[in-house]
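Undergrad: What follows is a structure written as structure tokens; I'll ask about it next.
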Amino acid sequence: MALIFHDVIAEEAVIGVWKIEEDEKEVLSQHPHLAEIVKNYSRPERRMEKLSAYLLLYSLQADAQLLIGHNPDGKPLLDGWHISVSDTRGFVAVVLSKTNSVGIDIEFISNRVDRIAKRFIRPDEMADNTMKRLLTWSVKEAVYKYCSEEHLDYFDMRLHPFDLSQNGIIEVDNLKNNTTLRVRYIVTSDYVLAYL
């Protein structure tokens, strides 16, 4: 089992992060019904990301028969739950809530965001180093998922100024509907995680 982070974040809401360490054959021998889920993915890494999302879901819910569906936009659906799923190199994250919409994003620590920063950082946002840019990306991805019906563009979201720490809350303006969201974040040596 590779559950490395688990937290109850609100009444009837839970979050988890899974470190991908399992072997595909091992997982499918324990959960043969998942073979159908991953059969169309050609890359072994992508199959393991999908399988690990299920391992994480099953560890959070103690029900190894749950299946994730998707709406026409690709948003994950789970009967009786609001769900958001994210994966990055070596990790998968899931947030579930019985009562509220959710959004999550996990990003492996790297400088790849530096090359594309102008595509997602507004001129009125402060992201003056790689970690702040990576966290800005992750927060906007989580908000995008949370507000999926609105089909937000990166520039429809504006992060309030924030000081980087190991964990905290970043306020984000949804400029399409003139609301402000509070996004929680965690920074580790391997990944950044943003969720609401």
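The values are calculated or read from the model by the stated rules, or taken from the named source; none is laboratory data. What you see is a predicted model, and the numbers here were worked out from it, not measured in a lab. Cβ sites come from the backbone with ideal geometry, for glycine too, and all protein chains shown count toward neighbours. Side chains included, ligands, DNA and RNA excluded: accessible areas come from the protein's heavy atoms. Shrake-Rupley method; radii C 1.70, N 1.55, O 1.52, S 1.80 Å.
Undergrad: Pull up the range 10-63, narrow it to residues that are assigned to a helix (DSSP H, G or I) and basic (Lys, Arg), then point me to the one that is most open to solvent (accessible area, probe 1.4 Å).
TA: Here the answer is LYS25.
Undergrad: Let me ask another. Is it the case that the range 75-83 has a residue that's in a loop (DSSP other than H, G, I, E, B) and touching a strand residue (DSSP E or B) at 6+ places or on another chain (Cβ under 9 Å)?
TA: yes
Undergrad: Any residue in the range 41-63 that is closer than 14 Å to GLU21 by Cα sitting within a Cβ distance under 7 Å of a residue that is open to solvent by 50 Å² or more (accessible area, probe 1.4 Å) and in a helix (DSSP H, G or I)? List the pairs, counting only those 6 or more apart or interchain.
TA: Listed by first residue and then by second, the contacts come to LYS50/ILE37.
Undergrad: Only residues that are touching a Gly at 6+ places or on another chain (Cβ under 9 Å), surrounded by fewer than 21 Cβ atoms within 10 Å (Cβ to Cβ) and within 16 Å of VAL17 (Cβ to Cβ): list them for the range 161-185, please.
TA: Within the range 161-185, ARG184 is the sole residue that qualifies.
Undergrad: Pull up the range 106-160, narrow it to residues that are without any contact (Cβ under 8 Å) to a residue 40 or more places away in the chain and of a type in the set (Ser, Thr, Tyr), then point me to the one that is most open to solvent (accessible area, probe 1.4 Å).
TA: Applying the filter and picking the extreme gives TYR154.
Undergrad: Given the criteria at pLDDT 95 or above, small (Gly, Ala, Ser), outside any loop (DSSP other than H, G, I, E, B) and farther than 30 Å from VAL38 by Cα, does ALA117 qualify?
TA: For ALA117, the condition - at pLDDT 95 or above, small (Gly, Ala, Ser), outside any loop (DSSP other than H, G, I, E, B) and farther than 30 Å from VAL38 by Cα - is met.
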